[in-house]
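Comments concern the structure below.
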Amino acid sequence: GQQVMQIPQYQHVQEGEDFTTYCNSSTTLSNIQWYKQRPGGHPVFLIQLVKSGEVKKQKRLTFQFGEAKKNSSLHITATQTTDVGTYFCAGHNTGKLIFGQGTTLQVKP
Amino acid sequence: DTAVSQTPKYLVTQMGNDKSIKCEQNLGHDTMYWYKQDSKKFLKIMFSYNNKELIINETVPNRFSPKSPDKAHLNLHINSLELGDSAVYFCASSGGGVFSNQPQHFGDGTRLSIL
């Protein structure tokens, strides 16, 4: 079945440093979604990418969808302590949303 | 005015017991889901319902039985609880049908601990 792999599993950064998480699918995706889960919280939808090569920005967050629609990345510029949490990518396959394993970001003040 | 609400938030019980988790959404969505999140934070879909009809049933033991009395509610009953059932269970909903690719809205989760 389809797999969505996400790396790294954990990332510790100093506040102000940049952070990137990468997502790879074993199959071509129709779209990819990104979610953020704060510690003790629930996943919250951030954004959806649909087009090949698409780039979207939300303040310090930049999301990219690969040309082949099989990979995606989330880059955070100048991290803040409020960015702490687990970031999940998720791709659709036959009605199911397949989540990556998530990247847990820790930010040291 | 919580969008997706599930109860209880915490559930601590003995092995072998039967328990239920309730979920309600007030977003007017047609599709609802149950996910299991293990201790490594891996999120795996268990079931999805569209307008009270079961659409997705992953390889979940038949001790788990979902029920959707109407499209705003999706409950999960678990029989004969086992240690491996300890996890956080999330309910979610989305607009459109199961194949619509709409964003999913999650409840706060139910933290189930089996003693």
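Observations on the model:
- Candidates A:Thr28, A:Thr94, A:Thr82, filtered to the one that is within 19 Å of B:Tyr33 (Cα to Cα), hydroxyl-bearing (Ser, Thr, Tyr) and over 14 Å from the mean Cα position of the chain (by Cα): A:Thr94
- Filter pass, A:Asn71 being away from chain B (no Cβ under 14 Å) and within 17 Å of A:Ser26 (Cβ to Cβ): yes
- The strands (runs of 3 or more DSSP E) falling completely within the range B:52-115 that include 2 or more residues that are open to solvent by less than 20 Å² (accessible area, probe 1.4 Å), within 14 Å of another protein chain (Cβ to nearest Cβ) and touching a residue at least 12 places away in the same chain (Cβ under 8 Å) map to B:87-94.
- Residue count for the range A:1-31, restricted to those that are modelled with pLDDT of 95 or more, of a type in the set (A, V, I, L, M, F, W, C) and within 20 Å of B:Ala92 (Cβ to Cβ): 1.
Yes or no, residue by residue, for (1) touching a Phe, Trp or Tyr at 6+ places or on another chain (Cβ under 7 Å); (2) open to solvent by less than 40 Å² (accessible area, probe 1.4 Å):
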position	(1), (2)
A:Val50	no, no
A:Gly53	yes, yes
A:Lys57	no, no
A:Arg60	no, no
A:Phe63	yes, yes
A:Ala68	no, no
A:Ser73	yes, yes
A:Thr79	yes, yes
A:Thr86	no, yes
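The values are calculated or read from the model by the stated rules, or taken from the named source; none is laboratory data. On a predicted model such as this, the values are computed, not experimentally measured, just so you know. Note: ideal-geometry Cβ built from the backbone for every residue, glycine included; neighbour counts use all protein chains shown. Surface areas here come from the heavy atoms of the whole protein model, side chains and all, with no ligands, DNA or RNA. Shrake-Rupley method; radii C 1.70, N 1.55, O 1.52, S 1.80 Å.
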